[in-house]
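See structure below.
The values are calculated or read from the model by the stated rules, or taken from the named source; none is laboratory data. Model, not experiment: these values are computed from the prediction. We place every Cβ from the backbone using ideal geometry, glycine too, and count neighbours over all the protein chains shown.
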C-alpha cells in the first residue's frame, strides 16, 4: 500500500510479530501451513470489505461463477493460500538449502545468466501471485548476484520494518522503496545487477496506462517498461506457483524484448505484454492471486462527462 503521509493508526507491537514468527518456526512444516490456512479462514471473515471486493472482482473476471458455490470455495481458497504464504514467510529462518531445493523447483535459470552475460543487468517482473517472496529466497541459492526487489512502503511502520528485515536477513533480497524513484534501479542495472518488481497493482492515471486485464481496462504502472525501453533491456517474467501444499514451481522467462523505438507507444505495448503474462498465470492458478486488491480502481475517463 502507498504511504499516505497521514498519522499512523494502530501499530502491531514488534514483540507480537516476533512471537508469532517463532510460533510458526517451532511447528512442523505441515502444521504451520495448516495454521496458516486457519488464519486465512479467520481473515476472510474479519475483513468483510476485502472479501466483498474479492467476490466482485472474481464475478467480473469469471461471470460464470456469479452466485455459485464454486465462487465461495474459490474465495476461501484464496485466503487460505495467502495464509499459507504468510506461514512460509515466517518460517524463512528454518527453511534450509536442502529443504528449498527439494520443495521449490526452478526452470529457466539460463535466461538469467544469459542476460547477465550481456552486461546490462536483469530487470525482472512478477506479481502478487504464488509466493513471490519464497521465489526470491530459492533463486538466491543459484544466482550469485544480489537480488533487489522494489516494494511499496507498508503503512504500519512496525510491520514494514519487520518484513524488510526478514526479507534481507532470510529471504535473499535487498528492498528498494518504490517512492525513491527509478534512480536506484538505474544504478543497480549499470553494475549488471538484478532488480525484481511487481506489475499487478492499480496505478494512478498519471502513473500508468490502461491495459486489458481479464477483459477490463486496468491502469498499470509504466515505470518498468520505460526503463526497459530507455536502456534497451528485455523484461524477464518470473512467477512462482504452489503446485501442492508443500511444493512450488518457479518459471523464468523467456525475456520480453523491448521495442526498438523509445516512444510512448513502445512503452504501452511492452506494459501490455507484461500484463498478458500475468493474466495467463492467474488464469492457470486463480486462487493464488490477490483478488482483494482494487486492481481496477482507476478508470478510463468517460468522454461524455470527463469523469473516470
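Quick grid of which residues meet (1) within 23 Å of residue 174 (Cα to Cα); (2) touching a strand residue (DSSP E or B) at 6+ places or on another chain (Cβ under 9 Å):
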| position | (1), (2) |
| --- | --- |
| 30 | no, no |
| 43 | no, no |
| 49 | no, no |
| 58 | no, no |
| 70 | no, no |
| 90 | yes, no |
| 93 | yes, no |
| 99 | yes, no |
| 123 | yes, yes |
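For region 56-72, state whether one or more residues are under 29 Å from residue 177 (Cα atoms) and in contact (Cβ under 8 Å) with a residue 24 or more places away in the chain. Taking every residue of region 56-72 in turn, at least one turns out to be under 29 Å from residue 177 (Cα atoms) and in contact (Cβ under 8 Å) with a residue 24 or more places away in the chain. Scanning region 125-151 for residues that are under 21 Å from residue 277 (Cβ atoms) and part of a loop (DSSP other than H, G, I, E, B), we see that the one that is farthest from the chain's Cα centre (by Cα) is 143. Note on region 175-196: residues that are in contact with a helix residue (DSSP H, G or I) (Cβ under 6 Å, 6 or more places away or on another chain) and within 23 Å of residue 97 (Cα to Cα) amount to 2.
Given the structure, is residue 296 surrounded by fewer than 21 Cβ atoms within 10 Å (Cβ to Cβ) and in contact (Cβ under 8 Å) with a residue 40 or more places away in the chain? Yes.
Counting residues in region 107-116 that are at pLDDT 95 or above, touching a helix residue (DSSP H, G or I) at 6+ places or on another chain (Cβ under 7 Å) and surrounded by 15 or more Cβ atoms within 10 Å (Cβ to Cβ) gives zero. The set of residues in region 204-226 that are touching a helix residue (DSSP H, G or I) at 6+ places or on another chain (Cβ under 8 Å), in a helix (DSSP H, G or I) and surrounded by fewer than 21 Cβ atoms within 10 Å (Cβ to Cβ) contains only 226.
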